[in-house]
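Rule-based calculations on the coordinates, nothing more; no lab input. Every value quoted in this text rests on a predicted model; they were computed, and no experiment measured them. Quick reminder, even Gly has a Cβ in these numbers, built from the backbone with ideal geometry, and neighbours come from all protein chains shown.
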Amino acid sequence: MVRDDIPDIPGVRERWGRDLLHCPYCHGYEVRDQPLGVLGGRPGAIAHAHLLRQWSDDVVLFTNGSPVTVDQRQQLVARAIRIVDALVASLVVEDDRLVGVAAADGRVVRRSAMFVRPRFVPNDSLLTDLGCATHANGWVAVDATGATSVQGLWAAGNAVNPRAQVITAAGEGSAAAIAINQDLVEEDLPIAVTNFRLGLPV
């Protein structure tokens, strides 16, 4: 299981999962044709803005102080994605609904929904405490079957894969279960041979 690390901006935690969303593929259709925003300051924010442009003609990227290159700015402008370069002061909520974004320069930009790329933090202390090797990005390393670097220990889903949604995690869990079963059968073979030679019941 993962923990979502989200920006420490007033209103963000309160609106998380309601009208502050993370996945254009999961939630884009739900907020289609509405005024949408992307909270920058995280890797992938610009890509998020381009993805959301497929769902709405009114998308604003709030850079929140992160630099935007000339080429990136040109691409955003070409796709009619507005850019607000000011820092974000807070989300504006009225009647328990997001209605806009307050910039540090005093502007309020009306929005119905916002998107942000959280940083996924794995809850993998059980695996790391047992000595599992990790990738450079800090996630526990597994092979295609879910085997870790610790003999006899497999892991699957978003404990080891930040992109593992339910269907992906289920597939990885199935692959790990098959590998575990095969490993146990292989472990039983020499015992079965010994018992056979000794005339013991199989």
Could you calculate the contour length gain from Ser90 to Asp4, that is, 0.36 nm times the residue separation minus the distance between their Cα atoms, to one decimal place in nm? 29.1 nm
One can check that the equivalent ellipsoid of segment 95-202, built from the alpha-carbon gyration tensor with semi-axes equal to the square roots of five times its eigenvalues, has lengths in Å, largest first, of 50, 15, 9
Helix-only CD estimate at 222 nm, as mean residue ellipticity for the chain, using -39500 (n - 2.57) per DSSP H run (n ≥ 4): -9000 deg cm²/dmol
From the phi angles alone, apply the Karplus equation (6.51, -1.76, 1.60; θ = phi - 60°) to segment 17-27 and give each ³J(HN,Hα) in whole Hz, x where the residue is Gly or Pro. x, 10, 10, 10, 10, 10, 10, x, 6, 6, 10
Length gained, Leu198-Arg32, 0.36 nm per residue minus C-alpha separation, equals 52.7 nm
Could you size up the charge dipole of segment 123-197 around its Cα centre, putting +1 on the beta carbon of Lys and Arg and -1 on that of Asp and Glu, and report it in debye to the nearest 20? 100
Between the residues Val60, Ala170, Ala141, the Cα farthest towards the positive end of the dipole of the chain, that dipole coming from +1 and -1 charges on the beta-carbon of Lys, Arg, Asp and Glu, is from Val60
When the Kirkwood hydrodynamic radius is evaluated over all pairs of different C-alpha atoms of segment 2-119, what value in angstrom, to one decimal, is obtained? 13.9
Base-10 log of normalised Debye intensity for the chain (one unit scatterer per alpha-carbon) at q = 0.10, 0.12 Å⁻¹: -0.57, -0.72
Helix 166-197 against the longest principal axis of the chain: what's the angle in degrees, Cα atoms only, rounded to the nearest 10? 10
Work out how much length Ala133 to Glu187 would gain on full extension: take 0.36 nm times their residue separation and subtract the Cα-Cα distance, in nm to one decimal. 17.1 nm
